[in-house]
Amino acid sequence: GNLPEHTYTFDFSGLSFPSEEPKFEALDKENVLDEAQNGKGTNELQADIVGSVDASTKTVTVTGTSYYVSGWSGFHGSDTKQQEGNFVAYKITNPANMPVYLWSPTEGKWKGTDSEFVTRIQNQTNSKGKIMVGGAIDENGAKTVEGTEWTIDFNNVDMMKEGDGTLQVTPVTGTVYGKKGTDLQSNISTTRKTNENKVTTITVRGNSNYIPVWTQFSTNPDYQKGHYLALKLTAGTGDVIKVQGGDGQEKPLTSDGIAVFTLNQMVEDNNFRRKVTVTPKAKEGQTAEPKTYYLDFSAVKRLPAEIKKVTVSDGSLEGLKAIYKDGKIVLSGLVKPMKDNENLFDDAKLKIDIGAGEGKETEVTVRITKVGDKLEASATTTVAGNTLVFDTSMLIIKNPDATDVAT
């Protein structure tokens, strides 16, 4: 017999498709373009680079600071003009994992499909570049399959220029001596004021985090912990920057422009100012006069270390237990008073772990006293900026005649 005919409707309304909208991310690498000898770290190229996406206009607007770079043969091996200018290193991805291509205005073709790019802003028409998400290109960089084109707008990037000795100061966000700038500091900003003698004071504000151990910064143990600030100091191409160290001597800044300042020494010396001189590149037949700056760190807030754990040291007050909770050291247990004075107790010994590593905890002596019917605890020392606060509500006086056997 004949089979009955059935009609089926497929409903795809419940399906979701990953977005092809590009995601912009600034690169943070010690060496871009994979050039072992001629590469540049992103710290040398830029700071605070961010890209915001507007799907309605198919535009990625880039903001932040791009330093002026010269003699970068890693970017272009033969054209000296292409070796200098303002560069931005970034990564473009998308949730759909579609290929991303970058338009090269100097070569007149599409390049890809590497998601990491370095763009010379001066090469872009009206400081605007373009990418293509999806599609395909041939071996000559010609488009063979249409994708979605997006504009990358660099007009809002603060581009440092070849200067006249003007010092620019920006916080380091990338990696320096094995630590990220964001691990060292936060919310760093600067203001400047120039006096009648043309000496400029740059006041640095923000937070400096406590670093419990930083062996890569110095071989001297005295400088391997404490508070630091990492700043990028730049001026014009060919300008010479010298920075005053803690010993009062001025030394030329390294080629990456990064200076790390130790706040602990400033506290010890009660001197929060560091002198910086910038000598512009002299024109032929002329002598350039240096410009004087002072970096003032007195407004930087030195944050205390994070207490990770508190334990009782061996040989401490018998019966004492300790934990760290909600910003307080909670003491508990049954503790015996001294035989000669029921209001006094042997000192407690605690180990405070602030992340310096096993065996490197800070030892603190805690005085236990009886006030009325309660016990109180106090410590005369601070630990890496922390004033120790105690909770003794669970600490109980043990009767000298009592035993530990329940009946």
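The values are calculated or read from the model by the stated rules, or taken from the named source; none is laboratory data. For clarity, every value in this text was computed on a predicted model and none was experimentally measured. All Cβ positions, even for glycine, are placed from backbone atoms using ideal geometry, and neighbour counts span all protein chains on display.
Identify the single condition in (1) closer than 23 Å to residue 236 by Cα; (2) surrounded by fewer than 17 Cβ atoms within 10 Å (Cβ to Cβ) that residue 57 does not satisfy, given that it satisfies every other one.
Status for residue 57: all satisfied but (1).
If we keep just the residues of segment 167-185 that are under 21 Å from residue 279 (Cβ atoms) and part of a strand (DSSP E or B), which is farthest from the chain's Cα centre (by Cα)?
Going through segment 167-185, the residues under 21 Å from residue 279 (Cβ atoms) turn out to be 167-170.
Checking which are part of a strand (DSSP E or B) leaves us with 168-170.
Details: 168: 18, 169: 15, 170: 12 Å.
If we take residues in segment 167-185 being under 21 Å from residue 279 (Cβ atoms) and part of a strand (DSSP E or B), then 168 is farthest from the chain's Cα centre (by Cα).
Table: residues versus (1) surrounded by 14 or more Cβ atoms within 10 Å (Cβ to Cβ); (2) of a type in the set (D, E, K, R); (3) in contact (Cβ under 8 Å) with a residue 60 or more places away in the chain; (4) on the phi > 0 side of the Ramachandran plot.
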| position | (1), (2), (3), (4) |
| --- | --- |
| 190 | yes, no, no, no |
| 195 | no, no, no, no |
| 206 | yes, no, yes, yes |
| 210 | yes, no, yes, no |
| 214 | yes, no, no, no |
| 226 | yes, no, no, yes |
| 232 | yes, yes, yes, no |
| 249 | no, no, no, no |
| 258 | yes, no, yes, no |
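Need the failing condition index for residue 353 against (1) in contact (Cβ under 8 Å) with a residue 24 or more places away in the chain; (2) farther than 20 Å from residue 209 by Cα, just the number.
Condition not satisfied by residue 353: (2).
Given the criterion in contact with a Ser or Thr (Cβ under 7 Å, 6 or more places away or on another chain), farther than 17 Å from residue 234 by Cβ and surrounded by fewer than 18 Cβ atoms within 10 Å (Cβ to Cβ), identify the matching residue among 145, 199. Break it down into steps so the answer makes sense when it comes.
Working: 145 fails: in contact with a Ser or Thr (Cβ under 7 Å, 6 or more places away or on another chain).
From the options 145, 199, the qualifying one is 199.
Of all residues in segment 38-73, which are within 16 Å of residue 257 (Cα to Cα) and β-branched (Val, Ile, Thr)?
Taking segment 38-73 first, the residues within 16 Å of residue 257 (Cα to Cα) are 39-48, 65-72.
Across segment 38-73, the qualifying residues are 42, 65, 69.
Could you tell me which residue of segment 314-336 is modelled with the highest pLDDT, considering only residues that are surrounded by fewer than 16 Cβ atoms within 10 Å (Cβ to Cβ) and hydrophobic (A, V, I, L, M, F, W, C)? Lay out the reasoning, then the answer.
Of the residues in segment 314-336, the ones surrounded by fewer than 16 Cβ atoms within 10 Å (Cβ to Cβ) are 314-315, 318-319, 321, 323, 325-328, 333-334.
Going one step further and asking which of them are hydrophobic (A, V, I, L, M, F, W, C), we end up with 323, 334.
On the way: 323: 96, 334: 92.
Here the answer is 323.
From 381, 369, which residue is hydroxyl-bearing (Ser, Thr, Tyr) and closer than 30 Å to residue 302 by Cα? Break it down stepwise before answering.
Details: 369 fails: closer than 30 Å to residue 302 by Cα.
381 is the lone residue from the list that is hydroxyl-bearing (Ser, Thr, Tyr) and closer than 30 Å to residue 302 by Cα.
Between residues in segment 7-30 that are in contact (Cβ under 8 Å) with a residue 60 or more places away in the chain and closer than 23 Å to residue 181 by Cα and residues that are surrounded by 10 or more Cβ atoms within 10 Å (Cβ to Cβ) and of a type in the set (Asp, Glu), which pairs lie under 8 Å by C-beta distance while being six or more apart or on different chains?
27/116
Going through segment 337-382 one residue at a time, which ones are surrounded by 12 or more Cβ atoms within 10 Å (Cβ to Cβ), of a type in the set (Gly, Ala, Ser) and over 36 Å from the mean Cα position of the chain (by Cα)?
Scanning segment 337-382 gives 348, 377.
Would you point out which residue out of 131, 202, 188 is of a type outside the set (Lys, Arg), in contact with a Pro (Cβ under 6 Å, 6 or more places away or on another chain) and either in a strand (DSSP E or B) or more than 22 Å from residue 256 (Cα to Cα) (or both)? Before the answer, list the steps.
Values: 131 fails: in contact with a Pro (Cβ under 6 Å, 6 or more places away or on another chain); 202 fails: in contact with a Pro (Cβ under 6 Å, 6 or more places away or on another chain).
Criteria check complete, one pass: 188.
Would you mind stating whether residue 126 is farther than 30 Å from residue 297 by Cβ and exposed (fewer than 15 other Cβ atoms within 10 Å of the Cβ)?
Values: farther than 30 Å from residue 297 by Cβ: yes; exposed (fewer than 15 other Cβ atoms within 10 Å of the Cβ): yes.
In short, yes.
For residue 189, are the conditions met, namely being small (Gly, Ala, Ser), within 23 Å of residue 176 (Cα to Cα) and either touching a Phe, Trp or Tyr at 6+ places or on another chain (Cβ under 7 Å) or at pLDDT 95 or above (or both)?
Values: small (Gly, Ala, Ser): yes; within 23 Å of residue 176 (Cα to Cα): yes; either touching a Phe, Trp or Tyr at 6+ places or on another chain (Cβ under 7 Å) or at pLDDT 95 or above (or both): no.
No.
Might you check whether a residue that is modelled with pLDDT of 85 or more, in a loop (DSSP other than H, G, I, E, B) and within 30 Å of the chain's Cα centre (by Cα) occurs anywhere in segment 134-151?
To start, the set of residues in segment 134-151 that are modelled with pLDDT of 85 or more comprises 134-151.
Next, from what is left, pick out any that are in a loop (DSSP other than H, G, I, E, B): 134-135, 138-142, 146-147.
Next, from what is left, pick out any that are within 30 Å of the chain's Cα centre (by Cα): none.
No, there is no match, as no residue in segment 134-151 is modelled with pLDDT of 85 or more, in a loop (DSSP other than H, G, I, E, B) and within 30 Å of the chain's Cα centre (by Cα).
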